[in-house]
1. Within segment 116-158, how many residues turn out to be more than 20 Å from A260 (Cα to Cα) and β-branched (V, I, T)?
2. Quick check on my filter: what residues within segment 177-204 are modelled with pLDDT of 90 or more and touching a Leu at 6+ places or on another chain (Cβ under 8 Å)?
3. What is the residue count in segment 81-137 for residues that are within 16 Å of the ligand (Cβ to nearest atom), in a loop (DSSP other than H, G, I, E, B) and open to solvent by 30 Å² or more (accessible area, probe 1.4 Å)?
4. I need every pair where a residue in segment 1-29 that is under 30 Å from K156 (Cα atoms) and within 13 Å of the ligand (Cβ to nearest atom) has its Cβ under 6 Å from the Cβ of a residue that is part of a loop (DSSP other than H, G, I, E, B) and not hydrophobic (A, V, I, L, M, F, W, C), sequence separation at least 6 or different chains.
5. Out of S118, S106, I need the residue that is closer than 16 Å to S9 by Cα and of a type in the set (S, T, Y). Which one?
6. Count, please, the residues in segment 155-212 that happen to be open to solvent by 20 Å² or more (accessible area, probe 1.4 Å) and of a type outside the set (D, E, K, R).
7. Could you list all residues from segment 234-271 that are assigned to a loop (DSSP other than H, G, I, E, B) and over 23 Å from G103 (Cα atoms)?
8. Kindly indicate the residue of segment 272-295 that is within 15 Å of the ligand (Cβ to nearest atom) and part of a loop (DSSP other than H, G, I, E, B) and also surrounded by the fewest Cβ atoms within 10 Å (Cβ to Cβ) among those meeting that condition.
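The values are calculated or read from the model by the stated rules, or taken from the named source; none is laboratory data. As the structure is a prediction and not an experimental result, all values here were calculated from the model. Backbone-built Cβ (ideal geometry, glycine too); neighbour counts: all protein chains shown. For accessibility, only protein heavy atoms count, side chains too; no ligands or nucleic acids. Shrake-Rupley method; radii C 1.70, N 1.55, O 1.52, S 1.80 Å.
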Amino acid sequence: MKRIFVAGSSNTDLIVQCDRLPGPGETVLGGDLVRAQGGKGANQAVAAARLGGQVTFFCRVGEDGFGEASLAAYQSEGIDTRFCVKDKSAASGAALILVDRAGENSIAVAPGANANLSPRDVEPLQDEVQEGDLILLQLEIPISTVRRAAEIGYAKGARVILDPAPAPEAGLPASLLSMLDTITPNQHEADLLCGSISSNQGPETLLERGVKQVIVTMDREGCRLISSTGSRSFPAYPVQAVDSTAAGDAFAGAFAVGLAEGFNIDNAISWAQQAAALSVTRMGAQPSLPTRKELLTYDFHTG
Ligand code: RIB
């Protein structure tokens, strides 16, 4: 089986469930404070590992309790943490998350040590990555590091997959886009990345700028695959949403495992959609990510 490399953020999530998300200047009362492992990079790594992927994770955490707990958690998932760095000069990343009754969330991230994950930190990819391996990236770490990881992966013949979240308003350079096998934005992110926010042409523009295939995620409406051979829609699996946090990360991790195991693109997308759907039925980021057994036995008709 092909290996999966993830370079990205590691956060500790502090979560409060409330009836509705507060507006600007407003205070709402919520439920108990829940602490859970999170961070888009770490979530992708854990999602892939729980589904049977052979995962190596590149991240930075602070030399503090949050960082220690995170590294211990990744190791207990069977993730290779040789390239996870303890940063002496910054605190571990943390995210403040509010979740409403419909499972929608709002998230603010304090990047901490994630902001120090440097191009040099991902240089060991040179010795580790082989042709056909998978590299998963997101945008909670410096863009220079994302670019270096993509460069190494592209040169080695690996498939580089980017979840462009949080999407930078300045967009992404064509030099990075052209090294991507797959990008997985929602429609808003796709438009923002191309500077064409009102055109709805973001996905097509990403293709023109060199991405091999675009998967536009559309929450309850499923997703759309767009490539040079055309466009196809994949309906979502219906579930009772409790918390949508990390649904995109579950999708990315499962998609990578599918490709690593040799699934065709349609089957890899369906498998990823099932993982994402199951994750939204449960609270928290990493606590919500399904194991392989859970995913294979879950009945999407009866729930
Ligand atoms: O994608 C969900 C993640 O975004 C959360 O776990 C939080 O840490 C933020 O990084």
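1. Count: 5.
2. L177, L180, T182, I183, T184, P185
3. Total satisfying the criteria: 3.
4. Final answer for the pair search is G8/Q138; S9/G39; S9/E140; S10/G39; N11/G39.
5. Among S118, S106, only S118 is closer than 16 Å to S9 by Cα and of a type in the set (S, T, Y).
6. Within segment 155-212, residues that are open to solvent by 20 Å² or more (accessible area, probe 1.4 Å) and of a type outside the set (D, E, K, R) number 25.
7. Of the residues in segment 234-271, the ones assigned to a loop (DSSP other than H, G, I, E, B) are 235-246, 261-264.
The answer is E261, G262, F263, N264.
8. Residues of segment 272-295 that are within 15 Å of the ligand (Cβ to nearest atom), as a first pass: 272, 275-276, 279-280, 282-289.
Right, trim to part of a loop (DSSP other than H, G, I, E, B) and you get 280, 282-285, 289.
Numbers: V280: 23, R282: 14, M283: 16, G284: 21, A285: 30, L289: 30.
So the residue we want is R282.
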